[in-house]
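Novice: My questions all concern the structure below.
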Amino acid sequence: MNKIYTILLILFFNLSIHSVEDIDRLMVEKAQSPEEKKAIYKYLIHEAKEKKQLAERLRNMAKVGRGGKATTQDSHKKEMLEEAEELEAKAKEYEELAQKVK
């Protein structure tokens, strides 16, 4: 059962981990009023925080042994840590984009 959750979690991250979406960049460019800028800023900061939390969760999951062969565990740990690094990078992009709005 844990394997299924892990696979689904990794698939979810693979689908959602890319650079900051074009729509987010477009929102930043089109924001004009202070209210719009404030709302977009809050959204971007929230996204960055969420990505950091997911990265931390992946790092914690990578620490837990699942049993099985050592090589399989090592490759699984490596994949989880790589995903966490990608999430951290995306969070940083969101934070930088939020600073442009401010």
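Yes/no matrix, rows are residues, columns are (1) surrounded by 14 or more Cβ atoms within 10 Å (Cβ to Cβ); (2) at pLDDT 75 or above:
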site	(1), (2)
9	yes, no
30	no, yes
39	yes, yes
46	no, yes
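Novice: Closer than 19 Å to residue 25 by Cβ and assigned to a helix (DSSP H, G or I), is that true of residue 56?
Specialist: Values: closer than 19 Å to residue 25 by Cβ: no; assigned to a helix (DSSP H, G or I): yes.
No.
Novice: Give me the residue from segment 30-53 that is of a type in the set (Gly, Ala, Ser) and either in contact with a strand residue (DSSP E or B) (Cβ under 6 Å, 6 or more places away or on another chain) or assigned to a helix (DSSP H, G or I) (or both) and, out of that set, nearest to residue 92 (Cα to Cα).
Specialist: Initial filter on segment 30-53 (of a type in the set (Gly, Ala, Ser)): 31, 33, 39, 48.
Next, only the ones that are either in contact with a strand residue (DSSP E or B) (Cβ under 6 Å, 6 or more places away or on another chain) or assigned to a helix (DSSP H, G or I) (or both) stay: 39, 48.
Numbers: 39: 19, 48: 7 Å.
Only one residue tops the list, namely 48.
Novice: Filter segment 87-101 down to the residues that are without any contact (Cβ under 8 Å) to a residue 40 or more places away in the chain and of a type in the set (Gly, Ala, Ser) and list them by number. Reasoning before the result, please.
Specialist: Of segment 87-101, the ones without any contact (Cβ under 8 Å) to a residue 40 or more places away in the chain are 88-89, 96, 99.
Of everything in segment 87-101, just one residue is without any contact (Cβ under 8 Å) to a residue 40 or more places away in the chain and of a type in the set (Gly, Ala, Ser), namely 89.
Novice: Return the residue satisfying two criteria in turn: it lies in segment 59-86 and is among the β-branched types (Val, Ile, Thr) and part of a helix (DSSP H, G or I), and of such residues it is surrounded by the most Cβ atoms within 10 Å (Cβ to Cβ). Break it down into steps so the answer makes sense when it comes.
Specialist: Of the residues in segment 59-86, the ones among the β-branched types (Val, Ile, Thr) are 64, 71-72.
Applying the additional criterion that residues be part of a helix (DSSP H, G or I) yields 71-72.
On the way: 71: 8, 72: 11.
Applying the filter and picking the extreme gives 72.
The values are calculated or read from the model by the stated rules, or taken from the named source; none is laboratory data. Computed from a prediction, not measured in an experiment: that's the story for all the values here. Here Cβ is always computed from backbone atoms with ideal geometry, including for glycine, and neighbour counts include all displayed protein chains.
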